[in-house]
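Colleague: Sharing a structure here in structure tokens format.
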Amino acid sequence: MAARHPGHQRRRGQRHPVAEYTLAAIIFAGKKAHLLAAQSRLHPADWDAVHHREDLSNYGRTVGIVGFSRIGRRVVERLRTIETGQILVTDPYADPAAVAAAGGRLVELDELMAASEIVSLHLPELPQTRHAIGARELALLPDGATIVNTARGAVLDTAALERECATGRLNAILDVTDPEPLPAGSLLAQLPNVMITPHIAGSLGSETRRLSAQALDELTRFVRGEPALHAVTSEALEVSA
């Protein structure tokens with residue numbers, strides 16, 4: 001067997017845990033798994049709720065990606081494996097050709113919100129992105145839509161989301177909240193159509209080994225005088241998620 005470069009396997013296996021979590025959340029949202037799980041706890045002997053329902057599917061769904069960050073791009077690429085319908089992307093800094101190459105279509109935020117059945121947020125937390133998704137934007141979503149947030153809690157207006165989810169019109173899968181964690185007695189945390197995980201989408205456990213391996217690979221390249229494979233510039237940090 002031919003010898004491999006020491007970093008070959010590590011770079012080849014580099015998959016961002018947040019993108020993996022997000023894809024899983026979107027699949028759960030399409031199947032309404034978190035809603036059905038809540039119903040099953042209340043009625044464990046009654047599984048008739050899944051019969052004759054056309055909405056328990058990811059096939060052909062329109063998914064919106066808000067923020068074509070490194071994670072957002074990876075989510076778009078992974079969505080093609082589950083044969084969703086349209087993948088809409090909004091990002092003022094994105095190149096339409098790059099979005100199209102990944103499998104999405106670049107649109108304005110209002111168009112994305114009005115058309116998407118599942119919306120996943122991948123915005124950085126900046127003064128201009130605080131509550132970027134608020135009451136007006138949430139009102140554009142069709143009934144039964146699901147918001148997925150693995151970015152930062154502050155980009156989503158918690159109070160506005162709570163109002164929409166409390167009526168049952170919208171659903172949510174949140175790995176981040178604002179504040180984090182939510183205060184005791186929060187209505188949002190008690191709703192059966194809202195799933196909240198304790199900020200676990202990022203690298204944890206054995207996943208952190210990939211971060212260490214990548215850092216060591218970059219250090220090796222630096223010592224050899226080779227350019228970085230994953231360079232981070234100050235300009236990119238200002239708009240990255």
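The values are calculated or read from the model by the stated rules, or taken from the named source; none is laboratory data. Small disclaimer: the values here were computed from a predicted structure and weren't measured. Cβ placement follows ideal geometry from the backbone for every residue including glycine, while neighbour counts extend to all protein chains displayed. Side chains included, ligands, DNA and RNA excluded: accessible areas come from the protein's heavy atoms. Shrake-Rupley method; radii C 1.70, N 1.55, O 1.52, S 1.80 Å.
Colleague: In degrees, nearest 10, range 0 to 90: what is the angle between the Cα axis of helix 17-31 and the longest Cα principal axis of the chain?
Modeller: So the inclination is approximately 30 degrees.
Colleague: Step through the residues of the stretch 104-118 one at a time and calculate ³J(HN,Hα) from phi using the Karplus curve (6.51 cos²θ - 1.76 cosθ + 1.60, θ = phi - 60°), rounding each to whole Hz and writing x for Gly and Pro.
Modeller: x, 10, 7, 9, 6, 4, 4, 5, 4, 5, 6, 9, 8, 8, 9
Colleague: Sticking with the crude label model, points 7 Å out along Cα→Cβ, report the distance from Ser206 to Ala97 in nm, one decimal please.
Modeller: So the label points at Ser206 and Ala97 sit 4.1 nm apart.
Colleague: Here is a further query. Using only Cα atoms, tell me the angle between helix 70-79 and the longest principal axis of the chain; keep it within 0 to 90° and round to the nearest 10.
Modeller: Approximately 60 degrees, to the nearest 10.
Colleague: For the chain, what is the relative contact order in percent, using Cα pairs closer than 8 Å and at least 6 residues apart in sequence? Each step should come with its number before you reach the end.
Modeller: Values: 372 pairs, mean separation 45.8, N = 241.
Taking the mean separation of contacting Cα pairs over the length of the chain, I get 19 percent.
Colleague: What accessible area per residue comes out for the stretch 15-93, rounded to a whole number of Å², with a 1.4 Å probe?
Modeller: Working: 4380 Å² over 79 residues.
On a per-residue basis, the stretch 15-93 sits at 56 Å².
Colleague: Helix-only mean residue ellipticity at 222 nm, the chain, DSSP H runs n ≥ 4 weighted -39,500 (n - 2.57), per residue, nearest 500. What is it?
Modeller: Working: 11 runs with 94 residues, N = 241.
So the calculated ellipticity at 222 nm is -11000 deg cm²/dmol.
Colleague: Taking N as the number of residues in the stretch 144-240, what is its Cα Rg relative to 2.2 N^0.38 Å? Could you put the intermediate results ahead of the total?
Modeller: Values: Rg = 18.8 Å, N = 97, 2.2 N^0.38 = 12.5 Å.
This ratio for the stretch 144-240 stands at 1.51.
Colleague: Using only the Cα atoms of the stretch 86-204, build the gyration tensor, take square roots of its eigenvalues as a ≥ b ≥ c, and label the shape rounded, prolate or oblate: rounded if a/c is under 1.5, else prolate if a/b is larger than b/c, else oblate. List each step's numbers first, then the result.
Modeller: Values: a/c = 1.88, a/b = 1.46, b/c = 1.29.
Judged from the Cα gyration tensor, the stretch 86-204 comes out prolate (a/c at least 1.5, a/b above b/c).
Colleague: Still on this structure: Mind listing the phi-derived Karplus ³J(HN,Hα) values for the stretch 156-164, rounded to whole Hz, using 6.51, -1.76 and 1.60 with θ = phi - 60°, and x for any glycine or proline?
Modeller: Along the stretch 156-164, the couplings run 10, 6, 4, 5, 5, 5, 4, 4, 5 Hz.
Colleague: A follow-up question, please. To test your reading of the geometry: what angle, between 0 and 90 degrees and rounded to tens, separates the Cα axis of helix 33-42 from the longest principal axis of the chain?
Modeller: That helix lies at roughly 50 degrees to the long axis.
Colleague: Continuing with this model, one more query. Restricting to Cα pairs below 8 Å that are 6+ residues apart, what does the relative contact order work out to for the stretch 82-225? Please round to a whole percent. Provide the component values of the computation, followed by the final result.
Modeller: Values: 192 pairs, mean separation 23.2, N = 144.
16 percent.
Colleague: Grab the alpha carbons of the stretch 100-170, take their convex hull, and tell me the volume per residue in Å³. Let's see the in-between values first.
Modeller: On the way: hull volume 6.5 nm³, N = 71.
Expressed per residue, the convex hull around the Cα atoms of the stretch 100-170 is 92 Å³.
Colleague: Residue by residue through the stretch 179-191, what is 3J(HN,Hα) from phi via Karplus (6.51 cos²θ - 1.76 cosθ + 1.60, θ = phi - 60°)? Round to whole Hz and write x for glycine and proline.
Modeller: x, 10, x, 5, x, 4, x, 4, 5, 4, 6, 9, 6
Colleague: What are the residues whose amide H is under 5 Å from the amide H of Thr177, where those residues sit 5 or more places off or on another chain and H is modelled from the backbone?
Modeller: Hits under the 5 Å cutoff: Gly153.
Colleague: Okay, moving on. Between the alpha-carbon centers of the stretch 154-215 and the stretch 88-103, tell me the distance in whole angstrom.
Modeller: 25 Å
Colleague: Accessible area per residue for the stretch 104-168 in Å², computed with a 1.4 Å probe and the full protein assembly in place, what is it? If you can, show how the numbers build up before the last one.
Modeller: Values: 2660 Å² over 65 residues.
For the stretch 104-168, the solvent-accessible area averages 41 Å² per residue.
Colleague: Compute, for the chain, the length of the dipole vector about the Cα centre, with Cβ point charges of +1 (Lys, Arg) and -1 (Asp, Glu) only. Units Debye, rounded to 20. Provide the component values of the computation, followed by the final result.
Modeller: Numbers: 25 positive and 28 negative charges, 216 e Å.
Around 1040 debye, computed over the chain.
Colleague: Where the accessible area of the chain is counted over protein heavy atoms with a 1.4 Å probe, how much of it, in %, is carbon and sulfur?
Modeller: On the way: 7580 of 13370 Å².
The computed percentage sits at 57.
Colleague: If amide hydrogens are placed 1.01 Å from N in the peptide plane, which non-local residues have theirs closer than 5 Å to the one on Ala145?
Modeller: Asn171
Colleague: Which value, in debye to the nearest 20, describes the size of the charge dipole of the stretch 57-169 about its Cα centre when Lys and Arg Cβ atoms bear +1, Asp and Glu Cβ atoms bear -1, and nothing else is charged? Spell out each step's value before the answer.
Modeller: Working: 12 positive and 14 negative charges, 69 e Å.
I would put it at about 340 debye.
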